[in-house]
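What follows is a set of notes on a single structure, which appears directly below.
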Amino acid sequence: MRFQLSTAPKALKVLPVLAAVLALSLQPSAHPAVAATAVGDVVAPTTHTMALPKPDLTVYVTAEYVGKTIGCGYLCAAYTLNVTVGNAGLGGSPPAQLVIVGITDVPSITVPSLQPNWGTGFQRTVVTPAWGNACSTYFIRVDPEDLVAESNETNNITTICLSNHL
């Protein structure tokens, strides 16, 4: 293997320039996007945003038989639905709508904003036919149009079957 000695002096002349560039690249940047810690370490800038925690609205329902009533065109059974809406997520939720869909119409309910691990309750009276062997199923759903971005969108609905009382 042969070396050309005429190129070695040129390489030695470039070495101080490379050392200066290396030293300058290790200096803290004056760029405003770069922050420094208390001990002077350089913190790299970031373009990522931190995701805020999301709410997770849940719904639970129980029913209490109130008695017989006439008002749905024939003999009916009246029930009080006890509906609980909670926020099981890590973020607060904005107000949302709650709908109860069944054999009788129930006006929608506005659920207030809920902080994480908080809940609120509602009571509504519904009537079902008091004859036959079938039950009347009611669907209770919070945020029916999925307007609230949640950590779990699959637990916003529940059902309850109200059996007749002959």
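General observations
- Protection proxy ranking for 156-163, 61-68, using the average of other Cβ atoms within 10 Å per residue and placing the highest first: 156-163, 61-68.
- Per the Debye calculation on region 104-149 with a single equal scatterer at every Cα and no solvent contribution, log₁₀ I(q)/I(0) for q = 0.31 Å⁻¹ amounts to -1.39.
- Put simply, the convex hull of the Cα atoms in region 72-144 casts, on average, a shadow of 5.3 nm².
- Local charge for V99 was computed over the other residues whose Cβ lies under 13 Å away, with Lys and Arg +1 and Asp and Glu -1, and equals -2.
- Per-peptide average of other Cβ atoms within 10 Å, ordering 77-83, 108-114 highest first: 77-83, 108-114
- Extension gain, T84-W131: 0.36 nm per intervening residue step, less the Cα-Cα distance, totals 14.0 nm.
- Sites listed here are GluC sites (Glu not before Pro) in region 110-166 whose DSSP assignment is loop and whose Cβ has at most 14 other Cβ atoms within 10 Å: E145, E153.
Every number in this text was worked out from the coordinates using simple rules, so none of it is lab data. In this text, all values refer to a predicted model and were calculated from it rather than measured experimentally. Cβ atoms come from the backbone with ideal geometry, glycine included; neighbour counts cover every protein chain shown.
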